[in-house]
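Written out below as structure tokens is the structure these notes cover.
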Amino acid sequence: MQGVREVLKASRKGAGAGGLSGVHGAVAELIRVPEHLEIAVETALGGALQHVVMEDERSARQGIAFLKQRQLGRATFLPLDVMKGRSVPESEKRRGSQVVGAAPGADRPPDGSAGEARRNDRSACFGQR
């Protein structure tokens, strides 16, 4: 948790001021869920809510180096250029778009499909807008 907090704080400073660039935010900041489903989604995603979505692999590596050099803890990074889209049946897209959506201004995976990011056999799913 400390690492995630430090990465998000450094992203607000910007790269020029000793901070980080390419940070989109924690998954929890990038999704919107209807209030009546919040507990279910929090339970399903668990720790993946704190994974940090990054612009690309280069910025994710910079984030890792930032934490390591300063001994600020750990974080799981999800680089958008490494995430792979997957095919989701139309019926599921319609149902999913009514439940979980992206926060305003949040990017989706590069190919514009519903996406899945995997790291250490965990996944964070991004819903349709």
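The values are calculated or read from the model by the stated rules, or taken from the named source; none is laboratory data. If you're wondering where the values come from, they're calculated on a predicted model, not measured in any experiment. Cβ placement follows ideal geometry from the backbone for every residue including glycine, while neighbour counts extend to all protein chains displayed.
A compact table of results
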{"quantity": "Long-range neighbours under 8 Å by Cβ, at least six apart or interchain, first residue free of Cβ contacts under 8 Å to residues at least 60 places away in the same chain within the range 74-92, second in a loop (DSSP other than H, G, I, E, B) and among the small types (G, A, S)", "calculated": "G85/G112; G85/S113; G85/A114; R86/S113; R86/A114; S87/S113; V88/S113; V88/A114"}
{"quantity": "Residues of the range 1-19 satisfying the condition of being touching a helix residue (DSSP H, G or I) at 6+ places or on another chain (Cβ under 7 Å) and more than 15 Å from R74 (Cα to Cα)", "calculated": "G19"}
{"quantity": "Top-ranked residue in the range 55-73 [being closer than 11 Å to G3 by Cα and either in contact (Cβ under 8 Å) with a residue 24 or more places away in the chain or touching a Lys or Arg at 6+ places or on another chain (Cβ under 6 Å) (or both); ranked as surrounded by the most Cβ atoms within 10 Å (Cβ to Cβ)]", "calculated": "G63"}
{"quantity": "Hey, V82 modelled with pLDDT of 95 or more, surrounded by 15 or more Cβ atoms within 10 Å (Cβ to Cβ) and not acidic (D, E) or not", "calculated": "no"}
{"quantity": "Members of the range 39-59 that are more than 14 Å from F77 (Cβ to Cβ) and among the β-branched types (V, I, T)", "calculated": "I39, V41, T43"}
